1. Mind running the shape call on the range 118-185? Use the C-alpha gyration tensor, a ≥ b ≥ c as the square roots of the eigenvalues: rounded below 1.5 for a/c, prolate if a/b tops b/c, oblate otherwise.
2. For a quick check of your reading of the filter: which GluC sites (Glu not before Pro) in the range 44-83 sit in a DSSP loop and have no more than 14 other Cβ atoms within 10 Å?
3. Quick one: Karplus J couplings for the range 42-53, per residue in order, coefficients 6.51, -1.76, 1.60, θ = phi - 60°, nearest Hz, x for Gly and Pro?
4. Amide H of SER168 versus every other amide H placed in the peptide plane: which residues, excluding those fewer than 5 positions away on the same chain, fall under 5 Å?
5. So what is the 222 nm mean residue ellipticity for the chain from helices alone, if each DSSP H run of at least 4 adds -39500 (n - 2.57) and you divide by all residues, rounding to the nearest 500 deg cm²/dmol?
6. How would you classify the range 68-185 from its alpha-carbon gyration tensor, with a ≥ b ≥ c the square roots of the eigenvalues: rounded for a/c under 1.5, else prolate if a/b is greater than b/c, otherwise oblate?
7. Report, in listed order, any pair from LYS48/LYS165; LYS7/LYS112; LYS77/LYS165; LYS20/LYS118; LYS4/LYS112; LYS112/LYS132 with a Cα-Cα distance greater than 27 Å.
8. How high is the relative contact order of the chain, in percent, with contacts defined as C-alpha pairs under 8 Å that are six or more residues apart?
Amino acid sequence: MSYKQVKYYQELGDYEAAYKIARADWADNLSLKWPRNTIAWLLIGMMKTNARVYGKNKFMQQLNEFKVLGIPPEDEKLWGAAAWPVRDIIEDSLRMQWFTAEFGDEIFSAIKDMPLAKPSDSYTALALSFAKLGALWPRLAEFFEWWGLDNFTGFDYRKYPEHGKLVSAAEKVQEAYRRALISNT
């Protein structure tokens, strides 16, 4: 019965109501698998909603809750899906000119131990969003060393027109890393 209620609220876009029902079901029986996975997907949906500067605190709370749900590291789909809202909040903080070094540190410490698939589209998306930080975040070189410049997909080497020249995602990341190394010396 609860599963149908969760799906109903989820389809309405009311992730909070669906989350409360799934949480209650899971609290009643921790051996059930569906509530944990459903909670994970609902948290991802709520993180997407809160991936804005004004929702930073809620976003970080949801990201941290997601990390402690006990999702197996092999579940690449769930972990990869959680990377996209992280990218979105970094992009929004840059767009709103709100990004701070402390926020960069907070995000990096939150994602550093996440078992993200390497290489993957979501992993590259994180690298590209961090690459945009440039001199705003002094730990950028450390991030790229953690990320690993050998974790590009084949698509990351495809060149696309940008600002009148052809560039690839790999080139953008490598250039950002080079600049970060220069600025740290």
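Throughout, read-outs are computed from the coordinates displayed, never taken from laboratory work. Computed from a prediction, not measured in an experiment: that's the story for all the values here. We place every Cβ from the backbone using ideal geometry, glycine too, and count neighbours over all the protein chains shown.
1. Working: a/c = 2.10, a/b = 1.29, b/c = 1.63.
Since a/c reaches 1.5 but b/c is at least a/b, the shape of the range 118-185 is classed as oblate.
2. GLU74
3. Those phi angles translate into 5, 4, 4, x, 5, 5, 4, 5, 9, 7, 9, 3 Hz.
4. Hits under the 5 Å cutoff: TYR160.
5. On the way: 9 runs with 119 residues, N = 185.
Counting only the DSSP helices, I get -20500 deg cm²/dmol.
6. On the way: a/c = 1.62, a/b = 1.19, b/c = 1.36.
Because a/c hits 1.5 or more and a/b fails to exceed b/c, the range 68-185 counts as oblate.
7. Going by Cα-Cα distance, LYS48/LYS165; LYS7/LYS112; LYS77/LYS165; LYS20/LYS118; LYS4/LYS112 fall outside the 27 Å limit.
8. 15 percent
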